[in-house]
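> Here you go, one structure.
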Amino acid sequence: MLIDINLLPKKERKSSSIILTSAIFAVLFLCVGGFFFWQVSTLKSDIATVDNRIETTKKIAELEEKKASEVTSADSAAKLEDSIAWAEEYTIPSVPVMKEFTSLLPARGFILSFAYQESGELALTVQFDSSREAAYFLNNLNHSEWVKEASLTSLTAIETEEKSTSPETGAVNTANEKEYLPRYTGQFQLSLNKQTVKTFVENQDGKGAGGI
């Protein structure tokens, strides 16, 4: 038995399917390519926008830093001027002041400490051999042109050990005959006449003056 097979129509259907499939793939490729191209373009645009914002932010930061630097410089200059004005107003040369107070001491008086405040107040701690010497020094302070007002706030007696000498021979006695002599420590509070001190220093051309 013979079978008749016609192959021509089948070949036409196969060829049409290949063309259709190729067309579909081509369309898909174009769509995918177009999508990726759009994504890349959008990404580039976003990057450019971010770069512009960063550049703008940098410029703003530079301007703010420049302004802050100018303000800081102006503030530093103002502080320097204030410091100079403060130094001229409150700083008192200590050397001439100490010389003046030392000249007012009795022969056996010694300044132990010296403290100065911006207001012109002084605190002195002085050692004496007797309470009468403390009164003598206080009187000299109150009569000094360098002092507006002075007061003795405390006077403390402290016994110190010294070897006694014989009034007849002048020889030093033995260790068993030690003599305990009182010493007095006085605390003085003074109000300094700053203008008088400054005038004196200016007249002396500032020789021997050093800030407290």
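All of the numbers you see were taken from the coordinates with simple rules; none came from a lab. If you're wondering where the values come from, they're calculated on a predicted model, not measured in any experiment. Cβ: placed from backbone, ideal geometry, glycine included. Neighbour counts: every protein chain shown.
> Multiply the residue separation of SER69 and VAL40 by 0.36 nm, subtract the distance between their alpha-carbon atoms, and state the gained length in nm to one decimal.
Full extension from SER69 to VAL40 adds 6.2 nm.
> What number comes out for the charge environment of ASN193, summing +1 per Lys or Arg and -1 per Asp or Glu over other residues with Cβ under 10 Å away?
Summing Lys and Arg as +1 and Asp and Glu as -1 gives +1.
> Note down the nm distance, to one decimal, between modelled labels 7 Å out along Cα→Cβ at SER191 and at ALA26.
Between SER191 and ALA26, the simple spin-label model gives 11.1 nm.
> Provide the per-residue ³J(HN,Hα) series for the range 32-45, in order, calculated from phi with Karplus coefficients 6.51, -1.76, 1.60 and θ = phi - 60°, each as a whole number of Hz, with x at glycine and proline positions.
5, x, x, 5, 5, 5, 5, 4, 5, 4, 5, 4, 4, 5
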